[in-house]
Ligand SMILES: [Zn+2]
């Protein structure tokens, strides 16, 4: 049995039963699907319903889903989307560049003309989808206020 003094001292052993039937137990009982949320976000759709648009003006996230009214303003993607976009583009372009060089050995101007352009186009094309996927992941993991107990609805 733990006392209030134990919790205030921060030395009491914790278990879900210590919290009663409050928010901690409720959140564990209703997990959100991570992979479908990632996929919905990658398609730039609301991670909750999969139908409402997630982004406007290229990378701006809507405050609320127009279809299901899910609050989306909690997202804090920050520098994550560019980082993961560069990671993906690098893992696509560099192997392609090496394969083309090994198989065809084109002139150097072909490399200079093609790979930077491909990397730029892939980055511009993938960045909104990667941002959507990260917002979907944050929603699925209930990060940054994406929980049922929204203090700022
Ligand atoms: Zn929605």
Label-point gap, in nm, between residue 86 and residue 112 - each point 7 angstrom along Cα→Cβ = 2.4 nm
Contour minus Cα-Cα distance for residue 124 and residue 147 (0.36 nm per residue) | 5.2 nm
Treat the count of other C-beta atoms within 10 Å as a stand-in for reagent exposure and order 62, 87 from fewest to most.
-> 87, 62
Fewest-first sequence of 131, 102 by Cβ atoms within 10 Å of each Cβ = 102, 131
Using only Cα atoms, what is the ratio of the radius of gyration of segment 32-140 to 2.2 N^0.38 Å?
-> 1.31
Provide 111, 74, 91 in ascending order of the number of other Cβ atoms located within 10 Å of each residue's Cβ, fewest first.
-> 91, 111, 74
Which distance in nm do the two modelled labels at residue 66 and residue 43 give, with both placed 7 Å along the Cα-to-Cβ direction?
-> 1.7 nm
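Just so you know, all these numbers are worked out from the coordinates, no wet-lab data involved. Not measured: the values here are computed from a predicted model. Note that each Cβ is placed from the backbone with ideal geometry, even for glycine, and that neighbours are counted across all protein chains shown.
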